[in-house]
C-alpha cells in the first residue's frame, strides 16, 4: 500500500525501534496512549487551559467515550490525537509510535466530524474513495473497498448522489464510510450523532455499536450525551474543566462515581445532593438531614471512619431511583431507611413518576431534590409524603474536594 | 366590546390597510420602475446619440433622424482608439490575473492561520484602501517616474493591482471563512498535505468567490480613471476610460464621438456583468449568512 510510506503507525515494531520513535512500552494491547497531555491556548495574551495533564491508555479494539459538558476539553483531546491540535505538553502514542510531531495524515487515524465534513462538490462515491485516491491506491482496490463499505452501511444506491441530496442520517453514513474505507488503526468521532433528530440518533447509536463490533477497530468517541456514552462505551472518560474526572466502564461510573461531578453528570435525573451531618448511633452512624435521619450501612460507616475528616463536611448523595413511595415498599418505610418530604411537583412520564420534593412547604427552591417513583404510586402534589431510601446505594462526598469517600 | 376598544380596532384595521397598499405590488413596482428609468435613460440617450452625426446631436429629436456609424468609425479607426480598447483589455486582464494569484492565497491564510500580528496585518492591508486615492497620487507618481514606468502599461497595471488587491483579499477571506474549516481538516486526516487539502477541497468550493473577485477586479480596473490619467500621456498606455476624456475639449465637446467611445467602453463590461452576475452576487454576500 502506498500509504505505508507516509504512515509510520503502519510500520512494524522493529522498524519503529530503528527510528528511535518507540515509547519503550512493550504492551502491544495498548493501541493509543494519551500521555500527560496538556493543551493551553493563548486567547488575547491570556493562557486558557483546555486540557490538563490527561493520561489514558486505550486498548486495541476498545470503544472509548469522552463525555463532559461543553468546554470540558473532550474535543480538544480528540483533535490532539488526530493531530489537528498540537499538545502543549505530553505526547500521543499510536501503535507504539510517538506521533506527537506528525501530521494528521501520518497518524493512521480516520475521523468523523460533528457536521460530517463531506466534500460538497464530490459525489458520495468520490467522497468515500477520496482517502484512497489521495493515497494513490490502485483503481480496482478503490472500487472494491468503496463497494464493501457502501454495502456495510447500506448506502450502495446513494453512491452517485451529491451530499446535498442526502438526509442527515445518510450523510452520517457516508462520513462513516469515508472513515471505514481506509481501514485505519483508530477511528475518531467528534459528536457524530448530535446533528440528528432524537429518534434517528437512537437508531444510529445502535448501528454504530453494530459497526464497531463488525469492524473491530479502536474507536475514540466524543459526546456530551451521557446516554450515548453509557450505551456505546466499553469505558467512559468523564472530563470537566480540562481534567479527567474518572475513567471506568459505564456501570462503574454509575455505581461508584469518583466524585460529586461524575455523580451529578452521570444518571438522569441527576443524583440528589443533600447537606448532612454524620452522628454516632449505637454501634453505627446516622446521616442526619433536613428530610430525616438515615441509618448508614456498615461499609459506609467503615468508609467514614477511614476518611478521618470532619463529620459535618459531608454531602449525602442519593439517586432519584433509590427513593420510592413508602406505601408501595415492602418494609413500609422502616425507621432509618425513610424520609419525609413535601411534594412540590409530580411529573408522570409513563414508565415512572418524577417527584420534585422539598423538606417542607416553606422550603426554598434551592433545597429541591428529585425522586423517581413507581408509576403505580398515587402520590399527589402539595402534601407531605414518606419515601423509602435504598440505603445500600447512598454516597457521601467530601464537601471541600468533592471526592466520594464511599468508593 | 366598549366604544373605546371598538375605535381602537377600527383605527388598527385602517392602519393595516394603508400599510397593505404601501407594501403592496403597486407601490413596489412603481419604485422599481422609476429606479430602472433613472439608471437606463442616460445609457439609452448615450446609445442613440452615438448613432447621430456631431451636428445632429444638437437637434431636439431623441431618435436619430439619420442613423449613422460614422462616430464609431471616427473613434475606432480615424482617431486610433482601438489602441485604447486594446490597452484596457491588457490592463484589466493582467490586473485580474495578478490580483487573483495574490488575493486567493492571502485570503486563505487570513481565514485559516493564526500567526503573530495577523489581525494587525489584515487591518493594515485594508487600511491602505481607506485613504482617498487622490492622497496617494503624488508619491505614486514619483515612484513611477523613478522606475521609468510612466506612460507604460506595467505602470498602469501596478497601480490597478495596488488599488484592487486589498478589497479582493477581504472578499476572498470572507469567502474562505464561509467554507467550514472541518473540510480542510477532514482532508488532512484523509491523507492530504495542507496544500493538497487546499487544492482538492477548498479551491473547488471557492470557485464562485474567485469568479466574483475576478469579475469585480476586471470591472473596477476597466473603469478606473484617476491613477490611469496621472501616469499616462497618450494612447501608448492610456486605457479607454481615460481616452474618452479627450473628447471633452477646452472649447467644445464632440458629443457623438464621445457617446460612441463610451458605448464601446461599456460593451465589454456589459457582457461580463450579464454573463457572470450570479457570481458577483455570491461573491459580495459571502460570509454574510451562516451556511
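Each value in this text was obtained by applying a stated rule to the coordinates, not by laboratory testing. Nothing here was measured: the structure is a model prediction, and the numbers come from that model. Please note: Cβ atoms are built from the backbone with ideal geometry, for glycine as well, and neighbour counts cover all protein chains shown.
So how do B:178-190, B:108-120, B:20-32, A:387-399 stack up, highest first, on mean other-Cβ count within 10 Å?
Put in order of decreasing packing, that is B:178-190, A:387-399, B:108-120, B:20-32.
Listing B:207, A:260 from fewest to most neighbouring C-beta atoms within 10 Å gives B:207, A:260.
Express the C-alpha Rg of chain A as a ratio against the empirical globular expectation 2.2 N^0.38 Å, rounded to two decimals.
1.18
Quick check: the distance between the Cα centres of the range B:56-118 and the range B:187-234, to the nearest angstrom? Rounded to whole Å, the Cα centres lie 17 Å apart. Rounded, prolate or oblate, given the Cα gyration tensor of the range A:188-228, with a/c below 1.5 counting as rounded? The shape class here is oblate. Values of log10 I(q)/I(0) for the range A:270-398 across q = 0.10, 0.12, 0.13 Å⁻¹ run -0.30, -0.44, -0.51, by the Debye formula with one identical scatterer at each alpha carbon and no solvent.
Dimensions of the range A:63-159 from C-alpha coordinates, computed as largest minus smallest value along each principal axis and given longest first, are 44, 30, 27 Å. With neighbours defined as other Cβ atoms within 10 Å of a residue's Cβ, the residues B:156, A:385 order from fewest to most as A:385, B:156.
Whole-percent P(r), the range A:347-407, all Cα pairs, 10 Å bins from 0: 17, 39, 32, 12. Of all the options A:94, A:155, A:318, the one that moves most in a Gaussian network model of chain A with Cα springs shorter than 10 angstrom is A:155. Extents of the range B:135-236, taken as max minus min of Cα coordinates on every principal axis and listed largest first, are 56, 25, 24 Å. Counts of other chain beta carbons within 10 angstrom of each beta carbon in peptide A:105-117 average 4. Rounded to the nearest angstrom and listed largest first, the equivalent-ellipsoid semi-axes of the range B:78-284 from its Cα gyration tensor are 37, 20, 13.
Nearest 10 degrees is fine. How inclined is helix A:298-307 to the longest principal axis of chain A, computing both from alpha carbons? It is inclined by approximately 80 degrees.
What number results when the radius of gyration of the range A:133-231, computed over Cα atoms, is divided by 2.2 N^0.38 Å? Don't skip to the end; give the middle numbers.
Working: Rg = 14.0 Å, N = 99, 2.2 N^0.38 = 12.6 Å.
Here the answer is 1.11, to two decimals.
Helix A:198-215 and the long axis of chain A differ in direction by around 60°, with both axes built from C-alpha atoms.
Computing Rg and the Kirkwood Rh from the Cα coordinates of the range B:52-163 gives a ratio, Rg/Rh, of 1.19.
Considering all C-alpha pairs of the protein assembly as shown, those separated by over 52 Å amount to 40%.
Of A:348, A:257, A:192, which is the most mobile in a GNM of chain A whose springs link Cα atoms less than 10 angstrom apart? Taking springs between Cα atoms under 10 Å, the residue moving most is A:348.
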